[in-house]
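The values are calculated or read from the model by the stated rules, or taken from the named source; none is laboratory data. Because the structure is a prediction, the values reported are computed rather than measured. Neighbour counts are summed over all protein chains in view; Cβ atoms, including those assigned to glycine, are modelled from backbone coordinates with ideal geometry.
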Amino acid sequence: MSFQKKHVPLLLGLAIALGVFIGSKLNFNDTTEKIFATNSKKDKLNRLIDYIDFEYVDQVNTDSIVDVTVNGILENLDPHSVYIPVDEYEDNADDMRGNFVGIGISFYPYKDSIAVIRSIKGGPAEKAGIKGGDRIIYADTNKLFGETAVRDSITSYLKGEINSKVKLQVYRKGEKELLNFDVKRKRVPLVSIDASYMVTDELGYIKINRFSETTYKEFHTALEGLIDEGATKLVLDLRNNPGGYISTAEQVVDEFLENKKLILITKNKTGEENKSYASRKGDFEKGKLYVLINENSASASEIVAGALQDNDKGTIIGRRSFGKGLVQREMSLGDGSAVRLTIARYYTPTGRSIQKPYGNGNKAYYEDYEKRYKNGELISADSIHVADSLRYVTPMGKVVYGGGGIIPDVFVPKDTSVENETIQYVSRSGFMSYFIFEYLDKHRTELDTVPFTEFASDFVVDEQLVKDFLEYSRFTEARLDLKRYSEVLKKALKANIAQQLYGPNAFEYIMNQDDPMLLKVVSLEAATQKGNASETEE
């Protein structure tokens, strides 16, 4: 007892001192309600979920309720703050990493089996000898054919831990018995450079489909290859590129801008600015540049186009870009899911924001294409309306505008007819590739040994193949008159054949024949050369 009485004043003094210390750290301008507001909100949601779990009359999957709740919260912020559920996270991560662990094939369920469209170049399957047209029947002891085969399960059998092995049994047309392959799973690239080739003796072409972790390395390799082939001018195709990592976009821009040129400005909620600059000697600082954009070029694509335009580097060709000027950071939610939350806005070097308004909700935001279609903006540059208050001037005096996308220096209209848009969609959506696979199943042997150069120059899609596709697609039943688009359809069919035989580079090469934006580049080049010749004559 005496010990307790003796030490009470000391303990009381320590408690008071601790209280003073804690009190000094609190902001007493805040009310108690405000200090604990966050916990109250969390408690409310947790309590509601508990009530549903334990008291609600029916069995309910509360995980799905949480998913809906999270989505509902994010939808009230902005269109680009998004939730990534557990079952989608790995595919999203693979896409941004630029690779996945697997055997490296493109495939689709064909009738009751797994048909290989093509083996990815340099991947384990190609090295093992698996070819387009093969049917994978078994993966180890797992049956991959029949009505019960589920696509998601099939993918899980083919993917796996790095360096793990899978025994495949494969049916190949013309072989009497199943073929056996032992394939070691490796990291397989998800290529972000769709195409890289020379358009003319001096003009190179590179198409980037997204900005992942591996994009810059792919881009640099492609650029060096074109320079070695004699490229002094370059077409950088960013059409339909939805974006990706800002850091990757900055690396790509750095290849074109001189040291210490401003690339990008970001600003967070407190107004803190972060500026990024070109920091090294790029491989194409002196080369002539054309950048292709359209209404589906977004985010990191717009960072590239905006940085180049504001630094008076190159010519931007096409149509007004999407208009995304928000920066997201991915944050884990602890259960395998994640959220990509908008943490900043970005601005081009002249200080313009290119984020289009989103105050009318997500539905109106994503229906902006329809609005542009109706007001004529896709077919006439005069229909692009910009406010004088959003006018900016580049160092060389070029006028540029903010307020919703990058407006190109040279406008190229879009063929907005239903027929042409339908052909363009099916040629790239994968639907046409199913038809082409069936065609190649009958003709693969005669085409497998044909070099691409010979195929590109000599192979002709005849009227019968067009007719067969129209019957397969049932477009005639939809009353679409494709007669005047016969040549476009033939080109799309040829490009899809090339893709399955030779890869994406071949696909883009064929699709780009008579492409309006590339034709515009060629005409600008011709006009420049004519002008230079006239100056020389004078």
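Brief remarks follow.
- Residue 78 being crowded, with 17+ Cβ neighbours inside 10 Å and of a type in the set (Asp, Glu): yes
- Here is the figure for segment 400-412: residues that are under 22 Å from residue 522 (Cβ atoms) and in contact with a Pro (Cβ under 8 Å, 6 or more places away or on another chain) total 1.
- Of all residues in segment 441-496, those being surrounded by 10 or more Cβ atoms within 10 Å (Cβ to Cβ), farther than 16 Å from residue 511 by Cβ and among the basic types (Lys, Arg) number 3.
- Elements of type strands (runs of 3 or more DSSP E) in segment 94-147, at least 1 residues being in contact (Cβ under 8 Å) with a residue 60 or more places away in the chain and surrounded by fewer than 15 Cβ atoms within 10 Å (Cβ to Cβ): 105-110
- Residues of segment 53-70 satisfying the condition of being surrounded by 13 or more Cβ atoms within 10 Å (Cβ to Cβ) and of a type outside the set (D, E, K, R): 62, 65, 66, 69, 70
- Qualifying residue in segment 245-268 (condition: among the β-branched types (Val, Ile, Thr), part of a loop (DSSP other than H, G, I, E, B) and either buried (at least 21 other Cβ atoms within 10 Å of the Cβ) or over 24 Å from the mean Cα position of the chain (by Cα) (or both)): no
- Note on segment 300-350: among residues that are crowded, with 20+ Cβ neighbours inside 10 Å and basic (Lys, Arg), the one that is farthest from residue 84 (Cα to Cα) is 313.
- Comparison of 85, 79, 109, 9 shows that the only residue that is closer than 30 Å to residue 218 by Cβ and modelled with pLDDT under 85 is 109.
- Residue check, residue 373 surrounded by 12 or more Cβ atoms within 10 Å (Cβ to Cβ), in contact (Cβ under 8 Å) with a residue 24 or more places away in the chain and part of a helix (DSSP H, G or I): yes
Every residue, every condition in (1) outside any strand (DSSP E or B); (2) buried (at least 23 other Cβ atoms within 10 Å of the Cβ); (3) at positive phi; (4) touching a residue at least 40 places away in the same chain (Cβ under 8 Å), yes or no:
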{"site": "217", "(1), (2), (3), (4)": "yes, no, no, no"}
{"site": "234", "(1), (2), (3), (4)": "no, yes, no, yes"}
{"site": "242", "(1), (2), (3), (4)": "yes, no, no, yes"}
{"site": "270", "(1), (2), (3), (4)": "yes, no, no, no"}
{"site": "275", "(1), (2), (3), (4)": "no, no, no, no"}
